[in-house]
Every structure is written in C-alpha cells, then in structure tokens.
Amino acid sequence: MNLLEMKHVKKTFDDLTVLKDISLEVKEGEVVSVIGPSGSGKSTLLRCATMLETMDAGELSYLGQKAAWDENGKSVYATKKELREIGKNFGLVFQNFNLFPHYSVLKNIIDAPISVDHVSKEEAIKRADALLEKLGLSDKKNAYPYQLSGGQQQRVSIARALALQPKVLFFDEPTSALDPELTGEVLKVIKELAKEHMTMIIVTHEMQFAKEVSDRIVFMEGGVIVEEGTPQQIFASENIRVREFIGKFVG
Amino acid sequence: MALSTMLSLLGKGMITSVGIFLLTLLFSLPLGLLVSFGRMSTNVILRTFVKVYIAVMRGTPLMLQLIVVYFAPYYVFHLKTSASFRFIAVIIAFSINYAAYFGEIYRSGIESIPQGQHEAAKVLGYTKVQTFFKIILPQVIKRILPPVTNETITLVKDTSLAFVIAVSEMFTIAKQISAKETSVMPLMIAGIFYFIFNYVVAFVMEYIEKRMQYFKG
C-alpha cells in the first residue's frame, strides 16, 4: 500500500492555476525530491499534501485512508476528526523553521507529544533527549530559538516534527533560508534520516543533494509533473527543460 | 480645613478611584479579547456589529457614555435605580469603553503573529483553541504590552470622569474641597496622587515587560 497517494490534484488561486493535474504516489521508506523552477507549484503541492491548503479537485490519502476524494470534479474532505487522525501520519519542516519563540528548545519538542498525543512527560522528554543527541543539539536543550543559528533552528524543527513519530516527513525548501555552511549541517541530518529509511518528500533547490539522497526525483513546471524517475534518469534526461534546469545547477 | 482632614478625604476618594481602575481592568481586558474576535470574525453581521460598537465607543466622549449608561435604565426602560447604581454605571461604561480600545490593541497583536506559527501548530496537531492560548496569545501579550500600558495609564486619569454622575472618586472630592476652601491645594494634591498612582502602574507594567524578555519574537 502506498503511504501517500495524490490523484489528479488541481489547485487554483483566484485566476492562477497552480496545480493542473498532479498525481503522486510515495511508498514507505522512499525519499522523493521535488524540484523545479520557482512558481512551478512544488510548495503548493506540499501544502495540499499536508492539508495547509485545500485542493479544488483530486484525491488525497495516507495508507489507504482517504483525507479527500473527488466528487463531480471537486474535492470533498473527510470530517475534522478524521483529518486530525490522518494528520498524525505526517510532519512538516518549513523553510523558515516556525519554531515557537516563547518555548525553549526542549519545550518546542515535547509540547506537541504531550498536549496533542497525550504522551507522558517522561516519555516525551526521553524522545526529545534522544532526538537532540542524534541531531547534535544536546547542549541547546534549554536555549530559546532566538539564541540559535538558522541551522540549529532548522534541526530543532526537524526534531520537533520527529517527536510525534510521523510516518512521512515533508520538507518545504528546508535550506533556502540558510547560508551554504548551515545548509550543509541540515542536509547532513536529512541524509542520516534517509539512511534510516525515513519516508521523506523534499522540495528543494539543492540539486546535488537531491541527486545523492533521493530514490526518486520529480521535476515540476507550470503546475504539472514534467518528468519523474531515479536521480540517474532525471540527470540523464532527454527533456530539454529538465536538462536546462539541472544544467544551470550542475554546470 | 486641616491638611490631615483633607488628605484623609482625598484618600477615601483615592480608594474609589483605585476601585474603578481595578474593576475596569478586570472586565475590559477579557472583554477586549471577545471584541477582537468579533472584529476579526468571518461572520459579516458580527464583524459589522463590532465595528459599529468600536466606532461609537471611540467616536463619542467617555463622559457622555457615562451619562448615557447612568440614565438609560430610567429614560429607556423606566426602571428606578438605587444609589449604588452610580458606581455600577461607572464600571459598565468604563469597561465597555476600554474593551473597544483593548480589542483593537489585541487585534493588532494577533494579526502581527506570522501565519507560519498557526501553520506549524496545525501540522503538529494542536486544536484551534490550543493554538491560540498556548502558541499565539503568549506572543501577542509580549507585543502589546507597550500600548496596553498606555491605555492603562490613561484609564487612571480617566477615572476622574466619574465625577460627571457624582461618584465620589478622588477628583470629585478634590473639586468639592477646592470650591469650599477656595484653594487649589486639594487639586494639586490630587494631581500628586494621580502621578504616584501612575508611577506604580508604570512600574508594574515595566516589571511584566521584563519578565517577558526571556524570548524574542
């Protein structure tokens, strides 16, 4: 069974059609990168998958459980309660971290497990300690977000998402707000997660990283998937647009 | 009149002023939150109603509002009101007036919190109520403290308007003594009392601001 299934997704903002007819399937343990020029709809696709945007048409399901389905060309969503359950399947890492500034690093990580999943405080702290250790942030446990570098903040936000033990983690341009040095430390963390077969869907502009980490790369442009395949296939693509786009980065 | 008598009379008035001040804050601070919710509501009728309410509260003198609240039960509903209603009318008028101002301050604070905070909370599974009280409100409070301090200090001085419906707060008494003794002394003393009162208020607000300095954002 596919962990994530999106079928014939359409999304329009006012007069602008951002997603034209997108279908995407992701299996458990797969790492999928979504690349493409700005305005191609990558982020919107991610926001539809994480239910931050509602689709106009199309289907969305996690592990066979339908969050939205198509009725007469329009998306119909499940009840709020069902959506909350389905929402537990995924986590999302934002471009600009969105840590809670009034919470310490530890509290940022343990608060959702405690107040959303009703995990005991001891268990939540245990999880947080393990994650902080793994992400090399143990000494920052009691710091506040403003005291951290961008790279550290992004790693905390990854830990915050992982603390809820999601089945799939989405990344929305996780390094776009970081300088090259800090980018490296965040990408390293994502690579480690990939080694552990964490299912991940990553919208990124880091071509080399996408090539190294992905099982599959999806190239989007103009609201459609232009090409999709293994990194080798994409980087050897015959498609002129794909070649042009990747060429700019790889040289 | 001996200075000590004068001070004790003014002191009694001061207690009433402090009473008006504290009760107004007690009611208008939470009421302001409801006002801001109404003002930001997606329901057009509710939003328009709250907008009109804010316009009236901000657009007419508080002194006039005090008079209206005090006399409305009699002239509109033909109800006899007891003597204690004077004080109650003051609290009602002040509370609904200040709630309008606080409501707008809250709104500015709530709308200034980046959308990303709501989105992060949503994806983490927080309910809307949890998101507001745990994530948004603490950040809002930090941001709105300076304008809230402004309003609070204005409120201290506005308590003197209660004289218009003959509630014997400090300024009312100061004026009475001043007229009787043909001296500006009571008014000057009242001025000093207001200043000290506000000094304490500003001190407390500064303390709260300092307590919120542990985070930025």
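The values are calculated or read from the model by the stated rules, or taken from the named source; none is laboratory data. Keep in mind the model is a prediction, meaning the values are calculated, not measured. Here the Cβ is made from the backbone with ideal geometry for all residues, glycine too, and neighbour counts use every protein chain on show. SASA here: full protein model, heavy atoms, side chains in, ligands and nucleic acids out. Shrake-Rupley method; radii C 1.70, N 1.55, O 1.52, S 1.80 Å.
Numbers below:
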read-out: Within segment B:27-55, considering residues that are aliphatic (A, V, I, L, M) and over 16 Å from the mean Cα position of the chain (by Cα), the one nearest to B:I141 (Cα to Cα); value: B:M40
read-out: Hits in segment A:76-111 (condition: within 9 Å of another protein chain (Cβ to nearest Cβ), under 30 Å from A:D56 (Cα atoms) and out of contact with any strand residue (DSSP E or B) (no Cβ under 7 Å at 6 or more places or on another chain)); value: A:R84, A:G87, A:K88, A:N96, A:F97, A:N98, A:L99
read-out: Filtered residue count, segment A:189-230, keeping only those that are more than 22 Å from A:V9 (Cβ to Cβ), of a type in the set (K, R) and surrounded by 15 or more Cβ atoms within 10 Å (Cβ to Cβ); value: 1
read-out: Residue identified as more than 30 Å from A:F100 (Cβ to Cβ) and either open to solvent by less than 50 Å² (accessible area, probe 1.4 Å) or touching an Asp or Glu at 6+ places or on another chain (Cβ under 9 Å) (or both) among B:Y101, B:Y74, B:Y70; value: B:Y70
read-out: Options A:E30, A:E5: the member that is within 14 Å of the chain's Cα centre (by Cα), more than 14 Å from chain B (Cβ to nearest Cβ), within 17 Å of A:I202 (Cα to Cα) and acidic (D, E); value: A:E30
read-out: Residue that is farthest from the other protein chains (Cβ to nearest Cβ) [pool: residues in segment B:195-217 that are in contact (Cβ under 8 Å) with a residue 60 or more places away in the chain and of a type in the set (F, W, Y)]; value: B:F197
read-out: Segment B:123-133: number of residues that are part of a helix (DSSP H, G or I), facing chain A (nearest Cβ under 9 Å) and surrounded by fewer than 18 Cβ atoms within 10 Å (Cβ to Cβ); value: 1
read-out: Any hit, segment A:194-202, residues being free of Cβ contacts under 8 Å to residues at least 12 places away in the same chain and out of contact with any Pro (no Cβ under 9 Å at 6 or more places or on another chain); value: yes
read-out: Criterion: away from chain A (no Cβ under 14 Å), within 30 Å of A:D172 (Cα to Cα) and of a type in the set (G, A, S) - qualifying residue of B:S108, B:S36; value: B:S108
read-out: B:K142, sole failed condition from (1) in contact (Cβ under 8 Å) with a residue 40 or more places away in the chain; (2) open to solvent by less than 20 Å² (accessible area, probe 1.4 Å); (3) within 14 Å of another protein chain (Cβ to nearest Cβ); value: (2)
read-out: Qualifying residue in segment A:50-70 (condition: open to solvent by less than 10 Å² (accessible area, probe 1.4 Å), within 12 Å of chain B (Cβ to nearest Cβ) and modelled with pLDDT of 95 or more); value: yes
